[in-house]
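Structure first, then comments.
The values are calculated or read from the model by the stated rules, or taken from the named source; none is laboratory data. These figures come from a predicted structure and were not determined experimentally. A quick note on method: Cβ atoms are made from the backbone with ideal geometry, for glycine too, and the neighbour counts reach across all protein chains shown. To get the accessible areas, we keep the full protein, side chains included, count just its heavy atoms, and leave off ligands, DNA and RNA. Shrake-Rupley method; radii C 1.70, N 1.55, O 1.52, S 1.80 Å.
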Number of protein chains: 2
Amino acid sequence: MDFDSILRKIKPTQKDKEKVENLSNKIIKQLNTIIKDEKIDSEAVLLGSIAKDTWLKGKADIDIFLTFSLNTSQEDLKKYGLKIGHKCIDNLKGKCEERYASHPYVTGFIGGYSIDIVPCYKINDGDQIKSAVDRTLLHTKYIKKNISKKQTDEVLLLKKFMESIETYGSESKVGGFAGYLCELLILKYDTFCAVLKAASKWKKHTIIDLENYGTGKQFNDPLIVIDPVDKNRNVAASLSLQKMAEFMAASRNFIKEPKLEYFEKTEKFTELKDIITLFNIKSTETYVVSFKPPKIPEDTIYPQLRKTERSLASKLTKEGFIIFKTSSWTDSENLAIILIEVASKNISGYKNYTGPRIWDENHQEKFILKHNTIPWIEGEYWLVKVSTTDNIEELIKNLFKPENIHYLKVGKNIKNQLLNEYSIMEIKEFLSNNQLSIDLLEFLSDFLIPGKNLFR
Amino acid sequence: MDFDSILRKIKPTQKDKEKVENLSNKIIKQLNTIIKDEKIDSEAVLLGSIAKDTWLKGKADIDIFLTFSLNTSQEDLKKYGLKIGHKCIDNLKGKCEERYASHPYVTGFIGGYSIDIVPCYKINDGDQIKSAVDRTLLHTKYIKKNISKKQTDEVLLLKKFMESIETYGSESKVGGFAGYLCELLILKYDTFCAVLKAASKWKKHTIIDLENYGTGKQFNDPLIVIDPVDKNRNVAASLSLQKMAEFMAASRNFIKEPKLEYFEKTEKFTELKDIITLFNIKSTETYVVSFKPPKIPEDTIYPQLRKTERSLASKLTKEGFIIFKTSSWTDSENLAIILIEVASKNISGYKNYTGPRIWDENHQEKFILKHNTIPWIEGEYWLVKVSTTDNIEELIKNLFKPENIHYLKVGKNIKNQLLNEYSIMEIKEFLSNNQLSIDLLEFLSDFLIPGKNLFR
């Protein structure tokens, strides 16, 4: 495998680096000037992948942290953080917006780069952490101290591979591997190939503990990577079983037959007519619940969307529908959707409904009283035959009524939308009634051919 | 609750007892005469519910055991046991047949009574046991020694209640409570009402340990009742979760509203036209696999039938059919059937098929090679979309072919029948094509209204 040819494409050139460094230095200088002028007790430092030299060409997200001493109040940290950030970007004639991690921060856009200016506490040890972003300081220090020049290249290969098979990124939309996690994997296994070889043999609850803290047993996540700077934190806590499994599968596929194509995204269907054709040849029926997403950060919407999606799927299954697949997507601004693919939109009039277990006397009583037909026992469960709503659209509309919504576990910021303003329609009707962004078309393409990412 | 009025109906009168005692004594005398004449080292003793005085009026099954010393060979025990039994029943002009528990024995029919003549080893302790029937000796001793006159009445109430709600009998056809188990429950809780009160609060894996052996933890059965004469045996091992749960439910119902009707069986539909009507008003479809049962004891057929039934149900579910209920029945001579109630006999052409988990690299490889379409991952599982056989009859016929039968877990004595001679048809066709015994009609009635037993 000619990894050098890949590195030539993905590794920033000396010129790329200089450009980013010059901009970073300029911003930091500007920030520290403002800090001095305003007589604030803080310091701007460069952190993240730029500082660690582990950024992919074309993906230079500049992370600058404003470190405050530990005795600064949360309130001051927020206030000064935003103030300094805004002023700096304004002075440099950039565009500006406020974002939110554990507290609000400023993102600026200058010369095609995006720059996060995040206030944090200046901690020396994981125990001192006051807000989740504080650790970034220690993470950057740890990686810079421990990674070799050769290993930074290996990190780039791993990040690019992850990105191509779509397991990269710890944001909740993805639920994949964070950049820091990729770096730790290289520190653990040394090379890109060794990471893939190890991953292909991972078991559920595999523990990676670089500093031998021995604290892995307290976690129940699919992958456990003890944070070298905080022995009670699992760096892989936000990695979903799904993305861990997908990375393992792609690793096996790559090892079996290494191809350059694993460092490029697979092609997706982004033509509306192709998407319609694919839905047409499916022997199933897909319905779309759509609504305007609430104004909350994307990282908060996605867990709520998926919770709602899972709960709806589970309720529909209980009601007798055969669910093939569900998924959800949002652009965080105008449109949020939940897709439900079912064998048939109508189901037969009766089904067995599983009630409480025999051990639970109180629930038994309520269950028997509720159903005015004779229930029976199968194993330890009470069962009863009930008639069901016939049509999936009707059933969902019913569930979204105020008197029924409690049957679902609905994301709290989504509930209002589902009660008041949503649409439900068959996918082809949805496709012809909506403006479809490239991102949404790609999402639909993945929905239609879900395993495509894993193979080349 | 007027328990005396129930006892008047179910407790043998002095005259009933004398009749049974006279017959038992006559048989034992005859057996011991034969033993003496033949110069065999054995002794006939009365055991079981007659000896313990815990038999229900009209249910006098006379259990006579021929006890042999521990140094007798298995072969001699069998040979002499059958010889003595046959000779005795012949001498008394009764009818005779051979049956099989842990070894063959003789059952005689004299004057409307059935008499089991079972050879066993004369053991003094649970550790000495050589064959499963040997314990009966110790069980009878233990109960006779520990039970009070008042408690034998309580046993009768409990047995009658159990019989009426159809949880009585440890034979595999029922999987319910053995007579000895009922006696131990009364020894534990003292009265019928106290047993029901306790049972209504039982948890899964409740342990009852009359002699405080402390050996309960080794068992994983739903109910654990340590045998007072053998600390490593669970008397309730053959009690199914189903029958334990049914007894608990009926106990709760009785406590809530005690009725004399709980001491009588519920009425069942035994008219063919009613059975047909009930199947007609069901919105589901029921199919019957029928065949001639193998010539093996009923206690062996039922577990094999149920294993086959469970495996078939699980396979059909995987193939996408919605199964409402399955059940099986046999008369052990001419007919064995497996019933399958499905939402619809035809299903849509595609379904998600769940493959191996991601942790299993070898199975992953085989799975991916086998399906020439792109599989995908959900959580830790591989999935693939496959086309399915449309029709339940066709699918079952396919499964019963020599090249496919390995997909099922089929009872070993049933396999031949399913490969060579069976029928599969819709229930109404089956009903019009077969002679239906009362027992089968009652079974069908239970199938149609499964929880009826538990309520009065």
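Okay, here's what the table says:
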| read-out | value |
| --- | --- |
| Nearest-to-axis residue of chain B, judged by beta-carbon position, where the axis maps B onto A, in Å | B:Ile322, 4 |
| Flagged links, alpha-carbon separation over 21 Å, of B:Lys268/B:Lys452; B:Lys57/B:Lys243; A:Lys345/A:Lys415; A:Lys150/A:Lys188; A:Lys26/A:Lys52 | B:Lys57/B:Lys243; A:Lys345/A:Lys415 |
| Pairs of alpha carbons in region A:291-378 whose separation is greater than 15 Å (percent) | 69 |
| Per residue, in Å², the accessible surface of region A:337-456 once ligands and nucleic acids are set aside, probe 1.4 Å | 49 |
| Label distances, nm, B:Arg310 versus same residue in remaining copies, Cβ-directed 7 Å point | 2.9 |
| Rg to Rh, two decimals, where region B:221-317 supplies the alpha carbon set and Rh follows Kirkwood | 1.05 |
| At 7 Å out from Cα toward Cβ: A:Asn420 inter-copy label distances (nm, ascending) | 7.4 |
| Interface burial for A against B (accessible surface, 1.4 Å probe, total of both chains, Å², rounded to 100) | 4000 |
| Euclidean distance of C-alpha centroids, region B:229-305 and region B:341-416, integer Å | 31 |
| Relative packing of A:65-72, B:143-150, which averages over residues the other C-beta atoms within 10 Å, highest first | A:65-72, B:143-150 |
| Residues of region A:430-456 buried by at least 50 Å² on assembly (accessible area, 1.4 Å probe, chain alone as reference) | A:Phe455 |
| Label distances, nm, A:Gly112 versus same residue in remaining copies, Cβ-directed 7 Å point | 10.6 |
| Spin-label model distance (nm) - B:Lys188 vs B:Lys78, 7 Å beyond Cα toward Cβ | 3.6 |
| Charge dipole (debye, nearest 20) of the protein assembly as shown; +1 at Cβ of Lys and Arg, -1 at Cβ of Asp and Glu | 880 |
| Accessible surface of chain A [probe 1.4 Å, protein heavy atoms]: carbon and sulfur percent | 48 |
| Chain A - mean residue ellipticity at 222 nm from DSSP helices (-39,500 (n - 2.57) per run, n ≥ 4, rounded to 500) | -13000 deg cm²/dmol |
| Extreme residue, positive dipole direction of region A:1-137, given options A:Trp55, A:Leu66, A:Ile110 (C-beta unit charges) | A:Ile110 |
| Probe 1.4 Å, accessible area per residue of region A:147-263, Å² | 37 |
| Separation between Cα centres of region B:146-205 and region A:123-175, rounded to whole Å | 65 |
| Cα-based helix-to-principal-axis angle, A:298-318 vs chain A, degrees rounded to 10 | 20 |
| Neighbourhood net charge (11 Å Cβ-Cβ; Lys/Arg +1, Asp/Glu -1) for B:Asp76 | +1 |
| Computed magnitude of the charge dipole of region B:10-143 (debye, nearest 20; Cβ of K, R +1, Cβ of D, E -1) | 440 |
| Cα-based Rg / Dmax (Å) for region B:277-428 | 17.3, 53 |
| Acute angle (nearest 10 degrees) that the helix A:14-37 long axis makes with the longest principal axis of chain A, alpha-carbon atoms | 80 |
| Counting all C-alpha pairs of region A:36-90, share separated by more than 12 Å (%) | 71 |
| Dipole of the protein assembly as shown [Lys/Arg +1, Asp/Glu -1 at C-beta], most positive-end residue of B:Tyr189, B:Pro450, B:Asn362 | B:Tyr189 |
| For region B:147-263, size of Cβ-based charge dipole, Lys and Arg +1, Asp and Glu -1, in debye | 340 |
| Selection from A:Ile281, A:Pro258, A:Pro293, by position along the positive dipole direction of chain A (Cβ) | A:Pro258 |
| Kirkwood-type radius of chain B, with distances r between different C-alpha atoms, in Å | 25.1 |
| Degrees between helix B:179-189 axis and first principal axis of chain B (Cα, 0 to 90, nearest 10) | 80 |
| Region A:273-303 residues near the modelled A:Glu333 label - backbone nitrogen below 17 Å, point 7 Å along Cα→Cβ | A:291-299, A:301 |
